[in-house]
Amino acid sequence: MSDEPALLRVEDLKVHFPIGGGLFHAKAVVRAVDGLSFSVKRGTTFGIVGESGSGKSTTALAVMRLVELTAGRILLGDQDIGALEGEALRKVRRRFQMVFQDPYASLNPRKRAGDAIREALDLMDVGDPAGRPQRARELFLQTGLRPEQLMLFPHQFSGGQRQRIVLARALAANPDLVVCDEPVSALDVAIQAQMLNLMQRLQKDFGLTYLFISHDLGVVRHMCDDIAVMYLGRIAEQANRESLFERPLHPYTLALWSAAPSFDPRARGRGRRIRLQGDPPSPINVPPGCRFAGRCPFADARCHSEEPQLREVLAGHRVACHRVDDAGNALYPLEPAS
């Protein structure tokens, strides 16, 4: 599995949004994503987690080519989808689909549920036209909906049922990659569990690869094989699920983990409560040095002057922190605070 080539590769991705400006003033730039690199193996789920404003949703939109790239490459297999435009991009879109956060805004209220899925089949030119109604029905059933509901309109479904329709529509094109941007955050907790289990089953049945965006650490731990923790447009730490939850190294990751009461208190560093002060810096005026230094209780002078590079310190475990040595040892206290 480790030697299998990645399905998705993101290389030094940057998405900057110019704002303001005028006749005598240069435009400011919001550095929403500012040098992101990661890869996702076929058949796995890669999670991106971070607080609001970290750039995780912008990353999802960039992979879907729904925002313009400032720099970098996005490769799906050996195809650079970041460089495609117009008709060439439209033709390859069937290979990657998206499930958005809000199931209430994702469906046309004037289209019946079955027609929403059939329309996706038509737009992507999937299969024989005569067989598309039956294919829409099959997808409907595979996502846990009943055949008599095909003729209903979106307002006649619950939020969880609507998200099942959205998922069925995303699967209509037989995609290689499904990008999920907070796909269960708008649902009740019990319905969240049903949707997550459904997505895992469909992943096995269809051989799907997920890029999964979430702020919910419990959801990420349940769904994802590999996880990247983002902060202010960059990856602070990245590892497989077991390593990241059992041995978090970056102080920001520890702060996120310590705020999640459901995690195993025996895990390394879980006994220490790290309370972050203030808000993240502005992505318009990114400070020098480590972007987390202004909120980090362990930052030293080097942290405020020199930006740390994301480097591998343990097998498959990468971290961007001066306070972690090359052997993966934290150079700050992990004991419970007195």
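The values are calculated or read from the model by the stated rules, or taken from the named source; none is laboratory data. Worth saying up front: this structure is predicted, and the values here are computed from it rather than measured. Using ideal geometry, Cβ is built from the backbone for each residue, glycine included, and neighbour counts are taken over all protein chains shown. Heavy atoms of the whole protein, side chains included, go into the accessibility calculation; ligands, DNA and RNA do not. Shrake-Rupley method; radii C 1.70, N 1.55, O 1.52, S 1.80 Å.
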Within the range 70-93, the count of residues that are closer than 30 Å to P280 by Cα and surrounded by fewer than 17 Cβ atoms within 10 Å (Cβ to Cβ) comes to 2
Does Q238 meet the test of being open to solvent by 10 Å² or more (accessible area, probe 1.4 Å), modelled with pLDDT of 95 or more, not in a helix (DSSP H, G or I) and not hydrophobic (A, V, I, L, M, F, W, C)? yes
Could you say which residue among F17, F46 is part of a strand (DSSP E or B), under 27 Å from P308 (Cα atoms) and open to solvent by 70 Å² or more (accessible area, probe 1.4 Å)? F17
Within the range 107-133, the residues that are within 23 Å of V40 (Cβ to Cβ) and not hydrophobic (A, V, I, L, M, F, W, C) are none
Return the only residue of A120, A130 being of a type in the set (G, A, S), in a helix (DSSP H, G or I) and under 24 Å from the mean Cα position of the chain (by Cα). A120
With respect to the numbered conditions (1) surrounded by fewer than 17 Cβ atoms within 10 Å (Cβ to Cβ); (2) hydrophobic (A, V, I, L, M, F, W, C); (3) not in a loop (DSSP other than H, G, I, E, B), which one is the sole condition not fulfilled by A105? (3)
Quick test of your reading of the structure: S37 fulfils all but one of (1) of a type in the set (S, T, N, Q); (2) open to solvent by 20 Å² or more (accessible area, probe 1.4 Å); (3) closer than 16 Å to I235 by Cβ; (4) outside any strand (DSSP E or B). Name the failing condition by number. (4)
Going through the range 170-193 one residue at a time, which ones are in a helix (DSSP H, G or I), under 15 Å from H222 (Cα atoms) and touching a residue at least 40 places away in the same chain (Cβ under 8 Å)? none
